[in-house]
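Trainee: Please see the structure below; I have some questions.
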Amino acid sequence: MRVIRTRAVRCTVLSVLGAALTVVALAAPTAAPIVVSANPYPSTYAPADAAAVLIRNATVLTGTGTRLDATDVLLRGGSIEAIGTGLPAPEGVRIVEAKGRWLTPGLIDVHSHLGVYPSPKVSAHQDGNEATSPVTANVWAEHSVWPEDPGFALALAGGITTLEILPGSANLIGGRSVVLKNVAAVTYQGMKFPDAPQGLKMACGENPKRVYGSRNQAPSTRMGNVAGDRAQWIEAQEYLRDEQDYEAKLRSGGKEAADAKPPKRDLRLDTLAAALKGEIPLQIHCYRADEMAIMLDMSKEFGFRIASFHHATEAYKIANLLAERGVCAAMWADWWGFKMEANDGIEENIAFVDAVPDGCAIVHSDSDEGIQRLNQEAAKAMTRGRLVGIDVKPERAITWLTRNPARALGILDRTGTIEPGKMADVVVWNGNPFSVYALADEVYIDGVVAYDRTQKIVPPRSDFMLGQPAMVGVTP
Amino acid sequence: MNSRMFARVALAAWVAVSGSGVAAAAPLANVLLKNGIIFTQSALSTLDTGDVLITDGKVAAIGRTLDASPGVEVIDLKGRPVTPALFGGLSFLGVQEIEEESATDDTTLKLGQMRPEFEPALAFNPDAVPVAVARAEGIGFSVIVPGAQAGDNGAPGSSIVNGLASVASVDGRSPRAPAALTVTLGEGGAALAGNSRAAAFMLLAQALEEARSPQRLGSLEPGRLLTPAGGRVLASYIGTQKPVIFFADRASDIRAIVDFCERHELRPMIAGGAEAWRVAPLLARARVPVILDPFDSLPESFDSIGTTLENAARLNSAGVTITFSLRSLLPRDVRKLRQGAGNAVAHGLPWKAALAALTNTPARLFGADADFGTIEVGKAANLVVWSGDPLEVTSVAEASWLDGRRQTMRSRQTELRDRYLPKVLSGTAR
């Protein structure tokens with residue numbers, strides 16, 4: 001949607017502004033009106049037409065906490081049309097017999113750097129951290145995504161249908177994230193999840209203070225981190241106030257509207273103001289419980305919304321606090337100890353966060369290896385929960401990989417569960433997915449077969465991998 | 001008092017004093033494990049229902065219906081699998097506590113000198129927390145390797161010859177004498193050798209020539225690579241059965257290593273080996289084992305364009321000896337190795353070959369088979385009872401005996417778990 005000059009406006013005020021700008025344009029007939037788009041890099045993804053598919057007799061984990069045995073799922077027109085037993089087969093439908101196999105929503109990884117730190121790890125492609133200033137709220141991760149990263153195809157083989165690509169954690173405020181559908185495309189716009197909100201990446205703790213402190217620059221301490229964050233939010237409040245004043249003048253009409261001069265646009269403050277307005281949820285890299293509590297207070301101080309803490313190796317220590325504040329924790333099953341702030345990581349973290357009332361546990365990867373087997377990561381967490389008496393069943397554990405991440409990304413109304421009307425993002429597994437031996441047989445994205453394990457010999461999806469002699473067989 | 005009770009009492013007493021989960025050494029075990037699936041990894045193969053009798057810490061008998069003499073604790077395994085204590089791969093276990101805290105990291109020599117005599121196991125700390133974590137998760141031994149890093153901002157870095165690798169048990173004993181020498185080649189080696197992988201071979205050839213000329217070991221002419229001690233260490237790997245572990249991934253580099261080792265009378269192993277499957281016939285013919293990372297799936301560099309999750313399966317079916325190690329070498333990843341083995345099975349490796357790659361194969365390759373790798377009569381008990389399939393992510397290690405002594409399955413992590421579980425259950429975790 002193209003609208004006339006203002007910053008990150010909401011759709012609700014567009015018509016008012018459009019009318020106002022007409023006046024401005026008339027008053028200055030020689031200059032073309034300055035046009036600012038609210039969505040300047042729009043998604044061009046449109047799913048291909050897919051034949052209807054009836055998947056029969058599967059063990060279905062719906063992602064809503066329910067398990068349905070010997071159940072059929074009908075995918076049609078890119079959506080999940082029906083779920084039930086003995087569903088009639090519409091004419092021309094392709095039938096997939098899934099007896100003994102399991103069906104889940106497509107998996108969603110809320111923390112990936114595919115495309116921005118692609119394989120191979122060459123210096124020319126280290127595009128994930130704009131580590132030239134501790135605050136780079138102006139950058140958008142999507143502008144670094146290399147769609148030819150071979151990692152996308154391997155994540156797909158692991159059942160990943162949707163993923164959030166984030167800037168790295170070198171900076172206090174790293175920039176905007178983007179949500180992608182895991183489809184093959186030449187441009188990132190061709191992968192961009194239509195109308196998914198962007199996120200804002202922030203980082204607590206060791207990384208920002210190490211990166212900048214080592215350059216004898218702020219921040220070099222944790223208190224410096226927090227002061228640096230707060231200074232930014234104060235500026236964003238002023239920016240928002242100026243914007244609101246300007247909009248009020250436009251609304252008042254008459255001479256005041258004609259004379260109103262828009263405040264100078266600033267990409268960094270655009271992002272932060274959008275966060276204050278609730279348009280961009282925060283995704284915060286934060287390991288320690290005490291630092292997460294500080295960020296929760298900061299979100300109250302300035303009025304931004306934290307969707308989830310990422311890594312959150314100490315989330316278990318404040319599981320109730322997080323649940324009460326409606327904040328998810330995106331965690332690894334067993335990463336710990338690689339730095340001090342990860343030293344208290346335990347294998348029960350996910351199960352503990354999930355066990356409290358309203359707990360929102362997410363399994364994330366932050367890894368091009370982990371994203372290939374989030375199901376196994378969840379299986380490890382399930383197992384550790386059970387050992388201490390927290391009975392996590394498969395229908396519960398799948399929510400860590402589907403519903404909860406969809407909620408954190410603001411796309412739960414469209415994907416993340418097996419419910420009628422939702423996008424047909426579906427994985428058919430060769431058995432119980434919570435096993436080291438589980439493999440995705442078929443992955444559907446918007447009803448289209450994006451991956452089929454039986455198609456062993458296919459050209460690689462990535463142009464980079466195409467024609468590589470090293471991919472071709474054994475030499476004597 | 002049976003040994004299980006003893007362990008519990010001893011643990012309780014120790015916890016009361018220190019609040020930690022580290023137990024004092026248990027006595028030599030006298031225990032009969034009944035009705036398990038016994039994966040002996042020896043000539044006895046697998047007993048689908050079997051017993052293991054441990055007397056004074058040694059495996060005294062393995063059979064189908066063994067009887068316990070009075071005073072011997074009997075544990076009914078109810079069909080649980082028993083395996084030799086697992087291999088943790090090549091790692092920094094015990095020589096690195098926190099990766100990003102350099103003061104806790106003794107893995108890597110950065111003098112800008114070639115020092116084959118560098119032996120990180122001398123810094124092994126059995127009290128490092130990751131050692132206890134590995135022990136509680138069914139690991140028995142790991143090969144402690146030196147790291148290799150280029151210097152930052154003009155500071156000296158490591159050498160292509162990294163130093164000596166040693167087998168370390170996770171039960172508190174000191175590491176053994178070095179089992180191998182390690183050398184970094186390929187892309188990583190080039191960065192340590194004037195930015196050319198060809199120069200890495202050139203320098204290695206020069207060092208071998210110095211080592212072969214003991215009469216010159218005392219001299220200090222310019223351009224010399226080795227100290228006298230380093231020369232002696234390197235010489236001990238020429239024309240002997242002592243293995244040299246070469247870190248390399250690219251097929252052409254692996255081919256060059258095999259050729260180089262034939263000319264210089266070295267016995268190579270390949271570590272990493274992302275493209276090893278492409279030269280599998282050569283490796284099988286030259287009897288070169290591969291220590292591979294079963295999670296390798298992506299072309300992490302231009303050295304590993306041909307990476308595939310089927311590397312293990314393809315090498316195994318070509319007759320190449322394989323074992324596993326995670327590429328990161330991080331202590332935290334040691335417990336993850338069996339998951340990797342399970343993934344190799346999902347991608348075509350026979351299950352038995354995967355278990356062998358975690359038990360008897362590495363014990364043999366690294367000269368630790370008198371102790372580790374099999375369950376055999378006469379050997380010290382180094383074995384683990386699992387809740388289910390040991391390669392499965394839903395299984396856990398339930399009990400472990402190392403060097404004949406029952407191990408505590410606790411660590412700092414289980415202490416944290418038990419401190420916070422009541423808060424989670426009572427709604428006070430805030």
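The values are calculated or read from the model by the stated rules, or taken from the named source; none is laboratory data. These figures come from a predicted structure and were not determined experimentally. Virtual Cβ from ideal backbone geometry, glycine too; neighbours counted across all protein chains shown.
Trainee: B:L309 is checked against (1) part of a loop (DSSP other than H, G, I, E, B); (2) free of Cβ contacts under 8 Å to residues at least 40 places away in the same chain; (3) under 21 Å from B:P178 (Cα atoms) and fails just one. What number does that condition carry?
Mentor: With respect to (1) part of a loop (DSSP other than H, G, I, E, B); (2) free of Cβ contacts under 8 Å to residues at least 40 places away in the same chain; (3) under 21 Å from B:P178 (Cα atoms), B:L309 is out only on (3).
Let's see how each residue does on (1) touching a residue at least 60 places away in the same chain (Cβ under 8 Å); (2) within 27 Å of B:Q96 (Cα to Cα); (3) within 10 Å of chain B (Cβ to nearest Cβ); (4) in contact with a Cys (Cβ under 6 Å, 6 or more places away or on another chain):
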| residue | (1), (2), (3), (4) |
| --- | --- |
| A:T271 | yes, no, no, no |
| A:E314 | no, yes, yes, no |
| A:W332 | no, yes, no, no |
| A:E347 | no, yes, yes, no |
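Trainee: Report, by residue number, each residue of region B:119-175 that is crowded, with 24+ Cβ neighbours inside 10 Å and either modelled with pLDDT under 95 or in a loop (DSSP other than H, G, I, E, B) (or both).
Mentor: B:E137, B:G138, B:V145, B:P146, B:A148, B:S158, B:S159, B:I160, B:V170, B:P175
Trainee: Among the residues of region A:144-178, write down those that are in a helix (DSSP H, G or I) and in contact (Cβ under 8 Å) with a residue 60 or more places away in the chain. Before you say what the answer is, go through the steps one by one.
Mentor: So in region A:144-178, the residues in a helix (DSSP H, G or I) come out as A:144, A:151-157.
A:G151, A:F152, A:A153, A:L154, A:A155, A:L156, A:A157, listed by residue number.
Trainee: Within region A:443-476, track down each residue that is away from chain B (no Cβ under 14 Å) and either touching a Cys at 6+ places or on another chain (Cβ under 9 Å) or more than 17 Å from A:G158 (Cβ to Cβ) (or both).
Mentor: Passing the criteria: A:D446, A:G447, A:V448, A:P459.
Trainee: For region B:25-42, which residues satisfy the criterion of being more than 23 Å from the chain's Cα centre (by Cα), over 16 Å from B:S400 (Cβ atoms) and either modelled with pLDDT under 95 or among the β-branched types (V, I, T) (or both)?
Mentor: The answer is B:I37, and nothing else.
Trainee: Also: Considering every residue within region B:286-296, establish whether at least one is buried (at least 21 other Cβ atoms within 10 Å of the Cβ), facing chain A (nearest Cβ under 7 Å) and over 14 Å from B:T323 (Cβ atoms).
Mentor: Our first condition is that a residue be buried (at least 21 other Cβ atoms within 10 Å of the Cβ); within region B:286-296, this holds for B:288-296.
With facing chain A (nearest Cβ under 7 Å) added as a condition, the list becomes B:295.
From what's left, over 14 Å from B:T323 (Cβ atoms): B:295.
The answer is yes, given that some residue of region B:286-296 is buried (at least 21 other Cβ atoms within 10 Å of the Cβ), facing chain A (nearest Cβ under 7 Å) and over 14 Å from B:T323 (Cβ atoms).
Table: residues versus (1) more than 27 Å from the chain's Cα centre (by Cα); (2) among the hydroxyl-bearing types (S, T, Y); (3) surrounded by 19 or more Cβ atoms within 10 Å (Cβ to Cβ).
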{"residue": "A:F193", "(1), (2), (3)": "no, no, yes"}
{"residue": "A:G199", "(1), (2), (3)": "no, no, yes"}
{"residue": "A:A203", "(1), (2), (3)": "no, no, yes"}
{"residue": "A:E206", "(1), (2), (3)": "no, no, yes"}
{"residue": "A:R215", "(1), (2), (3)": "yes, no, no"}
{"residue": "A:R222", "(1), (2), (3)": "no, no, no"}
{"residue": "A:R230", "(1), (2), (3)": "no, no, no"}
{"residue": "A:E256", "(1), (2), (3)": "yes, no, no"}
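Table: residues versus (1) in the same structural domain as A:N182 (by TED's automatic domain parsing); (2) buried (at least 19 other Cβ atoms within 10 Å of the Cβ); (3) not in a loop (DSSP other than H, G, I, E, B).
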residue: A:I55; (1), (2), (3): no, yes, yes
residue: A:A58; (1), (2), (3): no, yes, yes
residue: A:G65; (1), (2), (3): no, no, no
residue: A:A70; (1), (2), (3): no, no, yes
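Trainee: Hey, any hits in region B:399-416 for a residue that's hydrophobic (A, V, I, L, M, F, W, C), assigned to a helix (DSSP H, G or I) and more than 17 Å from the chain's Cα centre (by Cα)?
Mentor: Taking region B:399-416 as the starting set, the residues that turn out to be hydrophobic (A, V, I, L, M, F, W, C) are B:399, B:401-402, B:409, B:416.
From the residues that got through so far, the ones that are assigned to a helix (DSSP H, G or I) too are B:416.
This time we only want the ones that are more than 17 Å from the chain's Cα centre (by Cα), so: B:416.
Within region B:399-416, one or more residues are hydrophobic (A, V, I, L, M, F, W, C), assigned to a helix (DSSP H, G or I) and more than 17 Å from the chain's Cα centre (by Cα).
Trainee: Might you let me know whether region B:95-107 holds any residue that is closer than 29 Å to B:A356 by Cβ, more than 19 Å from the chain's Cα centre (by Cα) and either assigned to a strand (DSSP E or B) or modelled with pLDDT under 95 (or both)?
Mentor: No, that holds for no residue.
Trainee: Of everything in region A:364-379, what is facing another protein chain (nearest Cβ under 7 Å) and either closer than 21 Å to A:L322 by Cβ or not in a helix (DSSP H, G or I) (or both)? Give them in sequence order.
Mentor: A:D368, A:E369
Trainee: Which one is nearest to B:W386 (Cα to Cα), of the residues in region B:309-365 that are at the interface with chain A (Cβ under 9 Å from one of its Cβ atoms), within 15 Å of the chain's Cα centre (by Cα) and of a type in the set (A, V, I, L, M, F, W, C)?
Mentor: Ranking the candidates gives B:A341 first.
Trainee: Being more than 21 Å from A:E81 (Cβ to Cβ), in contact with a Gly (Cβ under 6 Å, 6 or more places away or on another chain) and assigned to a loop (DSSP other than H, G, I, E, B) is true for just one of A:V474, A:V436, A:V458. Which residue is that? Reasoning before the result, please.
Mentor: Working: A:V474 fails: in contact with a Gly (Cβ under 6 Å, 6 or more places away or on another chain); A:V458 fails: in contact with a Gly (Cβ under 6 Å, 6 or more places away or on another chain).
Just one listed residue meets the conditions, A:V436.
Trainee: Using the structure shown, decide if A:A170 is within 24 Å of A:F338 (Cα to Cα) and at pLDDT 95 or above.
Mentor: Working: within 24 Å of A:F338 (Cα to Cα): yes; at pLDDT 95 or above: yes.
Judged against the criteria, A:A170 is a match.
Trainee: Moving on. With the condition kept exactly as written, say whether any residue in region B:110-118 is of a type in the set (A, V, I, L, M, F, W, C), away from chain A (no Cβ under 14 Å) and in contact with an Asp or Glu (Cβ under 9 Å, 6 or more places away or on another chain).
Mentor: no
Trainee: Determine whether region B:92-99 contains at least one residue that is β-branched (V, I, T) and either in contact with a Ser or Thr (Cβ under 7 Å, 6 or more places away or on another chain) or on the phi > 0 side of the Ramachandran plot (or both).
Mentor: yes
Trainee: Looking only at region A:435-442, decide whether some residue is of a type in the set (A, V, I, L, M, F, W, C), within 14 Å of chain B (Cβ to nearest Cβ) and touching a Lys or Arg at 6+ places or on another chain (Cβ under 8 Å).
Mentor: Yes: one or more hits.
Trainee: Just for region B:58-117: of the residues that are touching a Phe, Trp or Tyr at 6+ places or on another chain (Cβ under 9 Å) and among the small types (G, A, S), which one is farthest from B:G157 (Cα to Cα)?
Mentor: Top of the filtered list is B:A85.
Trainee: Now for a different question. Of the numbered conditions (1) in a helix (DSSP H, G or I); (2) within 14 Å of another protein chain (Cβ to nearest Cβ); (3) in contact (Cβ under 8 Å) with a residue 40 or more places away in the chain; (4) not acidic (D, E), B:V393 fails exactly one; give the number of that condition.
Mentor: (1)
Trainee: Starting from residues that are touching a Gly at 6+ places or on another chain (Cβ under 6 Å) and part of a helix (DSSP H, G or I), keep the ones in region B:283-306 and report whichever is farthest from B:A271 (Cα to Cα).
Mentor: B:A284
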